[in-house]
Amino acid sequence: SGRMIYYVTPTYPRPEQVPELTRLAHTLMHVPRLHWIVADDQPICSELVGNILKRTRLPFTHISSPKPFIYKSSNFPRGVANRRAALDWLHENVSEGVLYFGDDDNTVDLRLFDEIRNTEKVSMFPVGLIGDYGVSSPVVKDGKVVGFYDSWPGARSFPVDMAGFAVNVAMLREGATMPFVAGHEEDGFLRSLAVELADIQPLAKNCTKILVWHTKTVKHKKPTVKVDLDKLKNTGR
Ligand code: UDP
Ligand code: MN
């Protein structure tokens with residue numbers, strides 16, 4: 001069934017991590033010829049994450065690359081050090097196939113995989129639940145990408161979401177990298193590939209269908225009520 005898809009997922013420890021990865025794992029288990037690269041934002045690979053990976057029986061690579069210490073404050077670029085490590089791994093180990101960046105909390109329709117598998121250079125498609133417009137998408141005219149619809153242009157050449165494109169692994173030459181600049185990770189990466197508008201293949205029925213969503217899970221709040229065990233004993237409960 002065609003080329004291999006390398007699905008790159010950056011992830012980090014928090015209470016939502018296991019449920020997010022469980023849900024994603026159960027999607028990816030339906031996909032043939034998929035290699036899951038999980039890039040852990042930790043000094044060593046998490047056993048919890050490793051166990052989920054093993055249970056999928058998918059071919060996988062589990063690597064760890066923590067964010068640099070300076071990026072631990074707010075509004076830091078999320079998942080960059082670990083995605084970079086995945087790019088290094090691909091550069092060293094893989095010469096053909098398709099790269100896709102799939103965050104641990106996104107929602108993917110299985111039909112997306114049939115679409116991206118034939119990516120020639122770079123393919124693009126709409127992503128649902130992005131910004132004020134509710135969708136981020138290339139604008140297509142006569143079968144060609146002529147611009148972008150995104151609520152935050154941000155002086156970017158390619159104002160797209162991380163989940164809105166796939167890349168032929170053959171495009172990953174020396175110098176292909178992702179910048180540590182919040183909001184510019186996608187644009188910086190695509191620019192580092194020397195991609196031109198004419199190289200972009202619009203998918204999902206000329207970008208009229210949404211097959212992936214930038215879902216976000218509400219963060220679990222730490223419990224504020226402490227249970228007084230002695231009190232419980234005294235009341236005999
Ligand atoms: N991520 C990470 N380290 C972090 C924060 C996020 O590896 O410190 C990962 C996260 O697991 C997800 C991706 O980077 O796969 C994007 O992060 P998040 O979903 O928090 O960002 P948002 O979707 O809200 O922009
Ligand atoms: Mn997210």
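The values are calculated or read from the model by the stated rules, or taken from the named source; none is laboratory data. Remember, it's a predicted structure, so these values are computed and weren't measured experimentally. Here the Cβ is made from the backbone with ideal geometry for all residues, glycine too, and neighbour counts use every protein chain on show.
A few notes on this one:
- Selection status of residue 1, modelled with pLDDT under 95, out of contact with any Cys (no Cβ under 8 Å at 6 or more places or on another chain) and of a type in the set (Ser, Thr, Tyr): yes
- Candidate set: segment 1-23, residues that are under 23 Å from residue 88 (Cα atoms) and within 13 Å of ligand 1 (Cβ to nearest atom); chosen: the one surrounded by the fewest Cβ atoms within 10 Å (Cβ to Cβ): 13
- Among the residues here, residue 159 does not qualify as surrounded by fewer than 19 Cβ atoms within 10 Å (Cβ to Cβ), of a type outside the set (Gly, Ala, Ser) and not in a helix (DSSP H, G or I).
- Residue under evaluation residue 82, criteria (1) within 16 Å of ligand 2 (Cβ to nearest atom); (2) in contact with a Lys or Arg (Cβ under 6 Å, 6 or more places away or on another chain), criterion not met: (2)
- Pairing residues of segment 156-181 that are within 21 Å of residue 9 (Cα to Cα) and free of Cβ contacts under 8 Å to residues at least 24 places away in the same chain with residues that are within 16 Å of ligand 1 (Cβ to nearest atom) and acidic (Asp, Glu), at Cβ distances under 7 Å and at least 6 apart in sequence or on separate chains, gives no pairs at all.
- Taken residue by residue, segment 51-63 has no member that is aromatic (Phe, Trp, Tyr) and assigned to a loop (DSSP other than H, G, I, E, B).
- From the list 212, 218, 181, the one residue that fits, being in contact with a strand residue (DSSP E or B) (Cβ under 6 Å, 6 or more places away or on another chain) and either of a type outside the set (Asp, Glu) or modelled with pLDDT under 95 (or both), is 212.
- Screening residue 44 on (1) more than 9 Å from ligand 1 (Cβ to nearest atom); (2) closer than 29 Å to residue 221 by Cα; (3) not in a loop (DSSP other than H, G, I, E, B) shows it passes everything except condition (3).
- Enumeration of residues in segment 105-129 that are part of a loop (DSSP other than H, G, I, E, B) and surrounded by fewer than 22 Cβ atoms within 10 Å (Cβ to Cβ): 105, 109, 110, 117, 118, 120, 121, 129
- Filter pass, residue 166 being in a loop (DSSP other than H, G, I, E, B) and not polar (S, T, N, Q): no
- Some residue of segment 43-66 being within 16 Å of ligand 2 (Cβ to nearest atom) and over 23 Å from residue 125 (Cβ atoms): no
- Segment 9-30, residues that are away from ligand 2 (no atom under 16 Å from the Cβ) and touching a Leu at 6+ places or on another chain (Cβ under 7 Å): 28, 29, 30
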